Amino acid sequence: MRFVLHDHRRPSPHFDLRLEEEGVLRSWAVPKGLPDDSRRDRLAIAVDDHDLDHLAYEDEHKSVADTGTWEEHDRDGRRIVFSLHGREGVRRYALIHTGGTQWLLHLTRAQPESVNGG
């Protein structure tokens, strides 16, 4: 399954995390980008699913910040644990649903040993 991280500059700067699933891109707006410290979670707001053509979509307001594949490790009704295999390597995250459209994006403490891009 593929993913894309868009750097979206309008209407206000944020990132869009999009994960391919069931023929669409499940999408979250992440105002401050992906977390780089397991002690600092980031807000992620669920937004409408996007078509798969958004995997490579860019325009004057949106560019691809990272792309690659993702794999799910665990899921229940409240959280998804997954790894992104991007251009710079592999990172493991959890999306934790806190209610409504609100999620927390968490960089897990335990990270994959591989640092090769995927």
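The values are calculated or read from the model by the stated rules, or taken from the named source; none is laboratory data. Everything numeric here is computed off the predicted structure, so don't read it as measured data. Reconstructed Cβ throughout: ideal geometry from the backbone, glycine too, with neighbour counts over all protein chains shown. Just the protein is used for accessible areas: all its heavy atoms, side chains included, with ligands, DNA and RNA removed. Shrake-Rupley method; radii C 1.70, N 1.55, O 1.52, S 1.80 Å.
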Which one of Asp41, Asp51 is loosely packed, with under 15 Cβ neighbours inside 10 Å and at negative phi? Asp51
When every residue in the range 17-38 that is farther than 18 Å from Lys62 by Cα and in contact (Cβ under 8 Å) with a residue 60 or more places away in the chain is compared, the one surrounded by the most Cβ atoms within 10 Å (Cβ to Cβ) is Pro35
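Filter the range 1-18 down to the residues that are outside any loop (DSSP other than H, G, I, E, B) and closer than 17 Å to Arg42 by Cα and list them by number.
Leu5, His6, Asp7, His8, His14, Phe15, Asp16, Leu17, Arg18
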Kindly indicate the residue of the range 58-88 that is among the polar types (S, T, N, Q) and closer than 11 Å to Phe3 by Cβ and also least open to solvent (accessible area, probe 1.4 Å) among those meeting that condition. Ser83
By residue number, the members of the range 73-95 that are more than 12 Å from the chain's Cα centre (by Cα), part of a strand (DSSP E or B) and without any contact (Cβ under 8 Å) to a residue 24 or more places away in the chain are His73, Asp74, Arg75, Arg79
